[in-house]
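Q: Got a structure for you, written out below as structure tokens; questions coming shortly.
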Amino acid sequence: MKLGSLLSSALVAGLVFACGGGGSSGYPTSTGNSGGTGTTGGPAPGNVSIVEYSYTPDTITIKAGATVTWTNDGTMAHTATADGGAFDSGQLSAPGGGGGYGYGGGTGAGSFSFTFTQAGTFDYHCTNHPTLLKGTVIVTP
């Protein structure tokens, strides 16, 4: 093999390794979503953002034993209340004063977490806006 060919082969092998192909790089390679069905820029998997009249994502799929956290990022109070009574957040206040993180003396957004221990489909709504604000948690075994 000529020296030029040997160097070219080494360079290609090095690039393949550096880009994560042809072997294990030690970095996660999964691109699947482990929690919610939200899109890029939405809340982290397992989290639901409440803004005005929408839950984002409005349908979330999790495994049994996982926790979902609802956070009110809107301008008015909301709830996350299971249609069948499995959970009820009570009133989740909107952030006030200094913005969503409570800067400048304001208050942070209200949030509620619930751990789903059994598989099933859990439809929920806001008791303040029951016809406008609805969502679903799908729990897989």
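Q: Taking the condition modelled with pLDDT of 95 or more, in contact with a Cys (Cβ under 9 Å, 6 or more places away or on another chain) and closer than 28 Å to residue 107 by Cα, does residue 50 pass?
A: Against the criterion (modelled with pLDDT of 95 or more, in contact with a Cys (Cβ under 9 Å, 6 or more places away or on another chain) and closer than 28 Å to residue 107 by Cα), residue 50 qualifies.
Q: State all residues of the range 50-75 that are out of contact with any Ser or Thr (no Cβ under 8 Å at 6 or more places or on another chain) and of a type in the set (A, V, I, L, M, F, W, C); if no residue qualifies, say none.
A: Hit for the range 50-75 is 51, nothing else.
Q: Sticking with this structure for a sec: Just checking, which of 94, 82 is small (Gly, Ala, Ser) and at pLDDT 95 or above?
A: So the residue among 94, 82 that is small (Gly, Ala, Ser) and at pLDDT 95 or above is 82.
Q: Got a sec? Which of 75, 61 is of a type in the set (Ser, Thr, Tyr) and assigned to a loop (DSSP other than H, G, I, E, B)?
A: Testing whether each residue is of a type in the set (Ser, Thr, Tyr) and assigned to a loop (DSSP other than H, G, I, E, B) leaves just 75.
The values are calculated or read from the model by the stated rules, or taken from the named source; none is laboratory data. From a predicted model like this one, the values you see are computed outputs, not experimental measurements. Cβ atoms come from the backbone with ideal geometry, glycine included; neighbour counts cover every protein chain shown.
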